[in-house]
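Asker: Mind looking over this structure? Questions follow.
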Amino acid sequence: MVVSILLPQGAIAWGHPVLPEWSYEGETHPDRWGDLSPAYALCAQGQNQSPIDVTAWVEGDRTPLEVDYAPTPLAIRNDGHTLQVYDQVGQHLRIQDQDYRLIQFHFHTPSEHQRAGRSAPMEVHLVHRNGAGDLAVVSILVEEGEANPLIQTLWEHSPKVGETYQEAAVQINAADLLPIDRTYLSYMGSLTTPPCSESVRWYLLEQAITMSAEQLLRFQQLYPHNARPIRPLNQRIVELHQG
Ligand SMILES: [Zn+2]
C-alpha cells in the first residue's frame, strides 16, 4: 500500500505557470471559470462546450463501441474535485477506427449530462486518449438501485483530499461500470473542468447503471455537488448509435 500527498491545486509544477484554483461554488464557481485565467478562456468563449442537455438526436451509423478492459491494481486519488481512479494501464477503447487507451475515470454528482432536462444522481467519466493525443470520454449515468461491487471497493479505499491510495493486491476492473446495452449518443464537446479544452469526443451510453442509495450518499458526503451546469448545444448535432 502506498499513500502519497499530491501537490495542492495551483501549485507550481516545474516549468509550468501557476493555474488558479476553481470550484463549483463560491468565488470561483463555473460562471467565473473563464475569467480566472487566460488558460481557461474556452470555459467562457468556447462554442463546443460540455456538458449538454440531450433533447434531440439523429440516427448515426452502427459503429460499435468496443471496450477491452481487464483487472488492474487499484490506484485512486482524491484531488479536491472528485475521486479519480488512475494508472489504468492496458485498457483499450476502439471506436471509429481509433484505438484509445483508458487514462482515468471519475465521478460527478448530480450527473453533468442531462436527458430532456433531467439529471441522474451521478455520472461516471471514463477518459481515454489515442496516440495523436485526442480525447474520448465514455459517460455512464448512475441511477439509484442495486449496489455496485466495484464502487464498494473504491469507496472503502477512498483517500482524504490531496492524497492517493495504491494497493496492488486490490484488483479492480473498469468493465464492472459498463451497462450491458452499448447503444450510445455521440457528439463533439469539451472537458467539463478548466481548462475546458475542446475537440473531446463524447460517447454517452444510453443505459444507466445503478448504485445503492448508501453508495450514492457516501460520495455525496465527500462531494455534495461537483457538476458543471449545462452548456448550449449551438450548431452541434447529437447522433444515436445502436449497440
Ligand atoms: Zn468528468
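Just so it is clear, none of the values below were taken in a lab; they were calculated from the coordinates. Computed from a predicted structure; not experimentally measured. Using ideal geometry, Cβ is built from the backbone for each residue, glycine included, and neighbour counts are taken over all protein chains shown.
Asker: Give me the distance in nm between label points sitting 7 Å out from Cα along the Cα-to-Cβ direction at Thr63 and Gln220, one decimal.
Answerer: Placing both labels 7 Å along Cα→Cβ, they lie 3.6 nm apart.
Asker: So how strong a dipole does the chain carry about its Cα centre when Lys and Arg Cβ are +1 and Asp and Glu Cβ are -1, to the nearest 20 debye?
Answerer: It comes to approximately 300 debye.
Asker: Same structure, new question: Please compute the modelled spin-label separation between Asp134 and Arg118, points set 7 Å along Cα→Cβ, answer in nm with one decimal.
Answerer: 3.3
Asker: Next up: Can you bin the stretch 71-113 into rounded, prolate or oblate? Criterion: square roots of the alpha carbon gyration tensor eigenvalues sorted a ≥ b ≥ c, rounded for a/c under 1.5, prolate for a/b above b/c, oblate for the rest.
Answerer: oblate
Asker: Only helical DSSP H runs with n ≥ 4 go in: add -39500 (n - 2.57) per run for the chain, normalise by residue count and round the 222 nm mean residue ellipticity to 500 deg cm²/dmol.
Answerer: -2500 deg cm²/dmol
Asker: Going by how many other beta carbons lie within 10 Å of each one, how would you line up Ile237, Ile140, Ile230, fewest first?
Answerer: Ile237, Ile230, Ile140
Asker: Next question, about the same structure. List the relative contact order of the chain as a percent without decimals, with contacts defined as Cα pairs under 8 Å and 6+ residues apart.
Answerer: It rounds to 28 percent for the chain.
Asker: For the stretch 20-115, what is the relative contact order in percent, using Cα pairs closer than 8 Å and at least 6 residues apart in sequence?
Answerer: 22
Asker: Just to compare against my own numbers: the Cα pair-distance distribution for the stretch 170-234, 5 Å bins, whole % per bin, please.
Answerer: Result returned by the calculation: 4, 12, 14, 19, 23, 20, 7, 1, 0.
Asker: Sticking with this one: Assuming R0 = 22 Å, what is the FRET efficiency of Glu143 and Arg236, from their Cβ-Cβ distance, to the nearest 0.05?
Answerer: Plugging the Cβ-Cβ distance into 1/(1 + (r/R0)^6) gives 0.25.
Asker: What shape does the stretch 26-241 take by its C-alpha gyration tensor, where a ≥ b ≥ c are the square roots of the eigenvalues and a/c under 1.5 counts as rounded, a/b above b/c as prolate, and the rest as oblate?
Answerer: Cα axes put the stretch 26-241 in the rounded bin.
Asker: Now, a different point. Sum up the charges of everything whose Cβ sits under 12 Å from the Cβ of Asp31, counting Lys and Arg as +1 and Asp and Glu as -1, but leave Asp31 out.
Answerer: My count for the surroundings of Asp31 gives 0.
Asker: Also: Which of Tyr203, Ser111, Val18 sits closest to the plus end of the dipole of the chain, meaning its Cα is farthest towards the positive end, when Lys and Arg get +1 and Asp and Glu get -1 on the C-beta?
Answerer: Val18
Asker: Another question about this same structure. So if I place +1 on the C-beta of Lys and Arg and -1 on the C-beta of Asp and Glu, and nothing else carries charge, what would the dipole magnitude of the stretch 115-243 be about its Cα centre? I want it in debye, nearest 20.
Answerer: 520
Asker: Another question about this same structure. In a shell of Cβ-Cβ distance under 15 Å around Ala56, excluding Ala56 itself, what net charge do Lys and Arg (+1) and Asp and Glu (-1) give?
Answerer: Taking every other residue near Ala56 into account, the sum is -1.
Asker: Only Cα pairs under 8 Å and at least 6 apart count here; give the relative contact order of the stretch 77-116 as a rounded whole percent.
Answerer: 36
Asker: Can you say what percent of the DSSP beta bridges in the stretch 26-241, counting only those with both residues inside, are antiparallel? Round to 5.
Answerer: Approximately 80 percent, going by the DSSP bridge assignments.
Asker: Label the stretch 64-146 by shape, choosing from rounded, prolate and oblate, from the square roots a ≥ b ≥ c of the eigenvalues of the Cα gyration tensor; if a/c is under 1.5 it is rounded, and otherwise prolate applies when a/b is larger than b/c, oblate when it is not.
Answerer: oblate
Asker: Let me ask you something else. Compare the Cα positions of Ala169, Gln221, Pro232 along the charge dipole of the stretch 168-239 (+1 at Cβ of Lys, Arg; -1 at Cβ of Asp, Glu; about the Cα centre) and return the one farthest towards the positive end.
Answerer: Pro232
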